[in-house]
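Structure first, then comments.
The values are calculated or read from the model by the stated rules, or taken from the named source; none is laboratory data. This one's a predicted model, so the numbers in the text were calculated from it and none came from an experiment. Positions of Cβ are backbone-derived with ideal geometry, glycine not excepted, and every protein chain shown enters the neighbour counts.
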């Protein structure tokens, strides 16, 4: 392969250019032209794969020369008590195309400041469009502020004089030396606290959908933290000096530099693409950068995923080395003036200062199984705080010993099962094993999903990060503080016989993501191979494989099927077969949903999962040979409603009279609490001619999240379309809708809604919010023919990026009371109102809707009939409805973008 011939160094100013720029009369336009010309040359070199380290350093040197010329042109070079100092990233000599140029104008004292000249200097820099951040301070001010502020001392650590008196900065650096302030340990503690706070802003994960490549865990800032602590603690200006000090191996140094170079190239490209300083890898930039970095086949989604996998692998390397080096620094501080007590654990390991360490420098080479044994010990001893940095490094250096022979060795498979059964910190252990590379070596199928992202808004973590979060969620179900949030799951996990089986299922449920095909089926093969290699019984293996195959089954059933239908419950129970399978699947499903996206688990989904679990448990107790009788369910719901009505002193005769006019399906699909609430509201409302609108939080006043809205009004063809449009205008998302009718031509509509901007807000405890919703609905329902047919609200930027064709098709139901129409479409404001309008225009009666928003797409199921209540069974009619609705949604989605 022929590589392009590169210049030895990036372009700087020629002597002629320097002379011209330094003249007092040089125009702003000439400066701009020179800067534009040189910047274009740098970008051309970037696209030609010129070494990024030289570009970053070269661009910094170019701006050194520009600033020198302006300083001279403004006649500041004759000032003896002032100097221009580069600080921050510019002080390190690193600049990207749109980076800030951070400057300190250092003066000896206030009296020596040539204020007019300095003002003219800064103004001119702004005029030539330089992104300058500057401060003007005296030596004493800098010294005092550095002593008080960790950010200022950090900036000054990597400062350098550009022009002017070098003695000023030399004096300042003596003033801020470790002998006077911020000794190595206090500086380390402050930077560590700063890093923890910064990481928390990004949910302590590098695997965000739109990561900030500078500030996220594993980003460039983590690399700089290493550099800062090394400079302050070891008094070195070279990162490579960490090799000489035995803090970093040569291989680790090469790995670190390679990861940083990769992020530098992404950042440079990002600045070019955005045309401004931009460190967020937004979705639209990911697509452009994927092509720029050579991922340009026909599969756009796969291109982005491969590009981002490379990014995640780089940040993982930086994060790993950041953790290792900071721990190394911590140990050096602790051991500096202390005597370390040693506790012998066994022939291989001991504990010093709470840290587990190898007793021999060649332990893992001599006894490779110890690489797993160390984690068995870590999980068995609560008092052990961590693993010593040198031991972690020794383990990393011997990972090549983890081969097929190692994986199939019974000693090692037994040790790994001991890890899975750890009493303490299992999730921390698995994360540590992943960061070191051990987990991916021992389980190559897991190694394949490290950094594997999914280019959508539903899965907000990479597959490996999501997988380990599932295991952590499963562990949390044991903790007392999680009992209130997950009461049924916490109880169920205590009833299963072998909790390690659900941990294994959690590890393998998404193991086949990114391979193409059905990941659930493909994952079963890997899960079975794991179970057989690790000596699990046939029964246990079958259970794990069944969980991997069906890990989506319960959530899909709860969110997309009518679980108020007894036939749906019986069908689900028949598939699950017994209480053991139900418990395992329920626990895994709850952990999986909570690990997919923080917004996914809310009061509504919790209620759906709880209802499906409890109804299935009840069906299993009754026996699968005795399907649930709809009339029995109806009678039970009525009986419960009567008990509540009696407690509230509501007229029973009036209640039963109302019930006589309502269709039977209402009592089957509404529980006793809801029936009582609706009935009492109707009795109090009659004989008003206005629509009845009642609002209450789902699950009671103390249950935050979704809320129920009940509407009782004369039947109207416009009703659902009007209501959906009104909810859209109010910023509400419909999650569920049930529509029933009476013999006297009234409709009972129940909606479960949430705020579109916050999936877990207790909306209706606010009286003003309740009044606004009720008044707006009332106005629209009283004049339904005048409503705005389609809501025109702004489509969020992130949703516009994802636009795929809609799908629409009819699906069969266990008991066909209604026809079920499933729609998948890009999520757009006003979509549900559009569907309601379509049903109205085509004389379709809606009885129930299940609404699921999964990231950038919606997967909605509508239970419909002809206007006269007949099922829609004619194939041509069904095809026509699907075709017309799909075309309407596609046109709408494109118009909204």
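Any idea which of 98, 80 is assigned to a loop (DSSP other than H, G, I, E, B), surrounded by fewer than 21 Cβ atoms within 10 Å (Cβ to Cβ), more than 36 Å from the chain's Cα centre (by Cα) and in the same structural domain as residue 151 (by TED's automatic domain parsing)?
Testing whether each residue is assigned to a loop (DSSP other than H, G, I, E, B), surrounded by fewer than 21 Cβ atoms within 10 Å (Cβ to Cβ), more than 36 Å from the chain's Cα centre (by Cα) and in the same structural domain as residue 151 (by TED's automatic domain parsing) leaves just 80.
With the requirement that a residue be surrounded by 18 or more Cβ atoms within 10 Å (Cβ to Cβ), in contact with a helix residue (DSSP H, G or I) (Cβ under 7 Å, 6 or more places away or on another chain) and outside any loop (DSSP other than H, G, I, E, B), what does the range 293-305 give you?
Within the range 293-305, 303, 304 meet the criteria.
Quick one: how many residues across the range 544-566 are crowded, with 20+ Cβ neighbours inside 10 Å and within 31 Å of the chain's Cα centre (by Cα)?
14
Select from the range 744-783 the residues that are modelled with pLDDT under 70, buried (at least 17 other Cβ atoms within 10 Å of the Cβ) and over 22 Å from residue 597 (Cα atoms) and list them in ascending order.
764, the sole residue that qualifies.
Checking the condition in contact (Cβ under 8 Å) with a residue 40 or more places away in the chain and within 27 Å of residue 608 (Cβ to Cβ), which residue from 446, 458 passes?
From the options 446, 458, the qualifying one is 458.
Just the residues that are over 13 Å from residue 312 (Cβ atoms) and buried (at least 20 other Cβ atoms within 10 Å of the Cβ), please, taken from the range 194-211.
Answer for the range 194-211, where residues must be over 13 Å from residue 312 (Cβ atoms) and buried (at least 20 other Cβ atoms within 10 Å of the Cβ): just 199.
Going by the structure shown, is residue 569 modelled with pLDDT under 95, crowded, with 20+ Cβ neighbours inside 10 Å, touching a helix residue (DSSP H, G or I) at 6+ places or on another chain (Cβ under 9 Å) and in a helix (DSSP H, G or I)?
Taking the combined requirement at face value, the residue satisfies it.
Regarding the range 179-192, can at least one residue be identified that is closer than 17 Å to residue 91 by Cβ, under 30 Å from the mean Cα position of the chain (by Cα) and surrounded by fewer than 16 Cβ atoms within 10 Å (Cβ to Cβ)?
no
Of all residues being assigned to a loop (DSSP other than H, G, I, E, B) and without any contact (Cβ under 8 Å) to a residue 40 or more places away in the chain in the range 238-278, which is nearest to the chain's Cα centre (by Cα)? Just the residue, please.
Among residues in the range 238-278 that are assigned to a loop (DSSP other than H, G, I, E, B) and without any contact (Cβ under 8 Å) to a residue 40 or more places away in the chain, the one nearest to the chain's Cα centre (by Cα) is 239.
Across the range 576-593, which residue is nearest to residue 698 (Cα to Cα) among those that are surrounded by 21 or more Cβ atoms within 10 Å (Cβ to Cβ) and in contact (Cβ under 8 Å) with a residue 60 or more places away in the chain?
For the range 576-593, the residue satisfying everything is 590.
Which of (1) farther than 21 Å from residue 559 by Cβ; (2) in contact with a strand residue (DSSP E or B) (Cβ under 9 Å, 6 or more places away or on another chain) does residue 842 not meet, given it meets every other one?
That leaves (2) as the condition not met.
Only residues that are touching a residue at least 60 places away in the same chain (Cβ under 8 Å) and assigned to a helix (DSSP H, G or I): list them for the range 532-566, please. Let's see the steps before the verdict.
Step one: of the range 532-566, the residues touching a residue at least 60 places away in the same chain (Cβ under 8 Å) are 533-535, 559-562, 564-566.
Answer for the range 532-566, where residues must be touching a residue at least 60 places away in the same chain (Cβ under 8 Å) and assigned to a helix (DSSP H, G or I): 533, 559, 560, 566.
Could you check residue 111 against (1) out of contact with any helix residue (DSSP H, G or I) (no Cβ under 8 Å at 6 or more places or on another chain); (2) part of a loop (DSSP other than H, G, I, E, B) and say which number it fails?
All conditions are met except number (2).
Exactly one condition in (1) part of a loop (DSSP other than H, G, I, E, B); (2) without any contact (Cβ under 8 Å) to a residue 40 or more places away in the chain is false for residue 93; which is it?
Result: residue 93 fails condition (2) only.
Given the criteria surrounded by fewer than 18 Cβ atoms within 10 Å (Cβ to Cβ) and in a helix (DSSP H, G or I), does residue 837 qualify?
No: the conditions fail for residue 837.
Would you mind finding the one in 31, 63 that is over 18 Å from residue 166 (Cα atoms), in contact with a strand residue (DSSP E or B) (Cβ under 8 Å, 6 or more places away or on another chain) and assigned to a helix (DSSP H, G or I)?
The match here is 63.
Here are some conditions: (1) in contact (Cβ under 8 Å) with a residue 12 or more places away in the chain; (2) surrounded by fewer than 20 Cβ atoms within 10 Å (Cβ to Cβ); (3) farther than 17 Å from residue 581 by Cα. Residue 511 meets all but one. Which one does it not meet?
The one condition residue 511 does not meet is (2).
Would you be able to say whether some residue in the range 525-533 is crowded, with 16+ Cβ neighbours inside 10 Å, within 30 Å of residue 856 (Cβ to Cβ) and in the same structural domain as residue 477 (by TED's automatic domain parsing)?
Checked the range 525-533: at least one residue is crowded, with 16+ Cβ neighbours inside 10 Å, within 30 Å of residue 856 (Cβ to Cβ) and in the same structural domain as residue 477 (by TED's automatic domain parsing).
Could you check the range 842-871 and list, in sequence order, the residues that are part of a loop (DSSP other than H, G, I, E, B) and over 20 Å from residue 886 (Cβ atoms)? Spell out how you get there, then give the answer.
Going through the range 842-871, the residues part of a loop (DSSP other than H, G, I, E, B) turn out to be 842-843, 851-852, 855-856, 867-871.
Within the range 842-871, 855, 867, 868, 869, 870, 871 qualify.
Of (1) at pLDDT below 90; (2) assigned by TED's automatic domain parsing to the domain that holds residue 397, residue 327 satisfies all except one. Which?
Unmet for residue 327, out of (1) at pLDDT below 90; (2) assigned by TED's automatic domain parsing to the domain that holds residue 397: (2).
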